[in-house]
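Asker: Have a look at this one.
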Amino acid sequence: MVDKVPPSSSSMQRMRHVFRFILLAAGSSLLLLTGCTTGRVAAGKPYHVTAYRPHDPSAVKVKVSLAKENIYVMEGDRCLMAVACSVGIPEKPTPKGNFTIYAKQEQKRSGSYGFSVQGNRVVPSTGGGPGRYVGYPMGYWCEFAPAYGFHQGFVHPYPRTHGCIRLHGEAAPKFFALVRIGTPVNIATTDRGRRVEAMDEIKRALEVAEQIPFRFLVQHMGTGGEEFDDRKFEAAMTSVEHLRAFAKPLGVDVLLENIPNELSTPDRLVEFIRTSHFEDVGVCFDLGHAHMEGGVTQAFEILKPYIRSTHVHDNARDRDAHLWPGEGSINWKEALELLRSAPHVPPLLMEIEGDEKADVAAKMGEAFRRLEES
């Protein structure tokens, strides 16, 4: 179902990926998606879809712009297919974030939306009522979240679905052929209004400092696995500048955390701070993330002058488990010696995965005793 081998990257238009700058204190995000564009599809007109075979199917990724209602199937910087789509209505929006394709079904019908055949009558139905239920066809189903998927259907020039992402009749089988189980999916919006709302939300969180003083506001640049792009850096600089201007009079400093993605490696965080000339922006050194991404010692030596606070947790380098210190494989004696050598000796803040059955006070006491003895 895929037309041809892609031409060289020099002849392809480059796509700029999604900027996702997570505002942790408010749980919001600022997003930017440009490039590899395709126009909206006028209803009822011919719509030929060109798709290119990937060199490496395991490198294929899917980007979705909710604002543009476009899907981009990418292999690195090469756009294998760019097509219009229909997305969720405001009352039942398409979920946003990072996902993976985990189920595919060429022939599928909806279990929630369709018709009920009652003798000579056919009436809309969501199933479970009288008569014989027949779900809407959802061919070439590719599920990325429970009950949400890409599928074949009519593409409207405005949001129209109940959260799924519809592709044109010719596009759906080609999309189905390009993706496989495990293909990453990133769904973003470029709605400026949402970006403004996100900034307002984080500012409201900062206003708490007027009543309950705190020193640091910790931010993530991107999400786990986020790819690097210069435009993401530029957008992040604008966002951090606004936050700094609001936080400074409240006595709060903005800290950036090292997390497992290409935007927030130790080297990239230092580059960001130096390039932006944000002298009052520091780093929250996450020891668990550093352990996973090359080692605590290596990350510490790069970030040492900028470290102002920490996130303390452990893991076995297999996943971001957020275990209590000593339950993973971090050398805590070495880690604590490094932290004591920092120009600004940082506080230790536990960031542990929740466990309702655990005696948190006892575990906390045990963890700090272990660290004090290190």
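The values are calculated or read from the model by the stated rules, or taken from the named source; none is laboratory data. As the structure is a computational prediction, the values presented were derived from the model and not from experiment. Cβ atoms come from the backbone with ideal geometry, glycine included; neighbour counts cover every protein chain shown.
Asker: Tell me yes or no: at least one residue of the range 340-351 is under 27 Å from the mean Cα position of the chain (by Cα), more than 20 Å from Gly224 (Cα to Cα) and not hydrophobic (A, V, I, L, M, F, W, C).
Answerer: No, the range 340-351 has no match at all.
Asker: Can you report the number of residues in the range 119-131 which are modelled with pLDDT of 85 or more and assigned to a strand (DSSP E or B)?
Answerer: Matching residues across the range 119-131 total 1.
Asker: Mind checking whether some residue in the range 256-266 is among the small types (Gly, Ala, Ser), within 24 Å of Pro347 (Cα to Cα) and without any contact (Cβ under 8 Å) to a residue 40 or more places away in the chain?
Answerer: no
Each row is one residue, and each column tells you yes or no for (1) under 30 Å from His242 (Cα atoms); (2) out of contact with any helix residue (DSSP H, G or I) (no Cβ under 9 Å at 6 or more places or on another chain); (3) at pLDDT below 90.
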| position | (1), (2), (3) |
| --- | --- |
| Trp141 | no, no, no |
| Phe150 | no, no, no |
| Tyr158 | no, yes, yes |
| Glu170 | no, yes, no |
| Thr190 | yes, yes, yes |
| Arg195 | yes, no, yes |
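Asker: Go through the residues of the range 97-116 one by one and say whether even a single one is more than 30 Å from Ser65 (Cα to Cα), at pLDDT below 90 and assigned by TED's automatic domain parsing to the domain that holds Ala171.
Answerer: yes
Asker: For the range 132-169, what are the residues that are part of a strand (DSSP E or B), touching a Pro at 6+ places or on another chain (Cβ under 8 Å) and crowded, with 22+ Cβ neighbours inside 10 Å?
Answerer: Listed by number, the list holds a single entry, Gln152.
Asker: Yes or no: the range 308-319 includes at least one residue that is small (Gly, Ala, Ser), closer than 30 Å to Arg231 by Cβ, buried (at least 17 other Cβ atoms within 10 Å of the Cβ) and within 22 Å of the chain's Cα centre (by Cα).
Answerer: No, there is no match, as no residue in the range 308-319 is small (Gly, Ala, Ser), closer than 30 Å to Arg231 by Cβ, buried (at least 17 other Cβ atoms within 10 Å of the Cβ) and within 22 Å of the chain's Cα centre (by Cα).
Asker: Can I ask one more? Which one of these is among the polar types (S, T, N, Q) and buried (at least 17 other Cβ atoms within 10 Å of the Cβ): Ser374, Ser276, Ser341, Ser329?
Answerer: Ser276
Asker: Does any residue in the range 272-286 that is under 14 Å from Thr238 (Cβ atoms) come within less than 9 Å, Cβ to Cβ, of a residue that is assigned to a helix (DSSP H, G or I) and hydroxyl-bearing (Ser, Thr, Tyr) six or more places away or on a different chain, and which pairs are these?
Answerer: Cβ pairs passing all conditions: Val281/Tyr306.
Asker: OK, next. Sort out which residues of the range 226-256 are charged (D, E, K, R), in contact with a strand residue (DSSP E or B) (Cβ under 8 Å, 6 or more places away or on another chain) and assigned to a helix (DSSP H, G or I), and write them in order of number.
Answerer: Once the filter is applied, which keeps residues that are charged (D, E, K, R), in contact with a strand residue (DSSP E or B) (Cβ under 8 Å, 6 or more places away or on another chain) and assigned to a helix (DSSP H, G or I), the range 226-256 yields Arg231, Lys232, Arg244.
Let's see how each residue does on (1) under 24 Å from Ser341 (Cβ atoms); (2) among the polar types (S, T, N, Q); (3) not assigned by TED's automatic domain parsing to the domain that holds Arg308:
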| position | (1), (2), (3) |
| --- | --- |
| Phe228 | no, no, no |
| Val252 | no, no, no |
| Leu256 | yes, no, no |
| Thr275 | no, yes, no |
| Val281 | yes, no, no |
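Asker: Could you check the range 206-247 and list, in sequence order, the residues that are within 22 Å of the chain's Cα centre (by Cα) and hydrophobic (A, V, I, L, M, F, W, C)?
Answerer: Leu217, Val218, Met221, Phe228, Phe233, Ala235, Ala236, Met237, Val240, Leu243
Asker: Among the residues of the range 104-118, which ones are in a strand (DSSP E or B) and polar (S, T, N, Q)?
Answerer: Gln105, Ser110, Ser112, Ser116, Gln118
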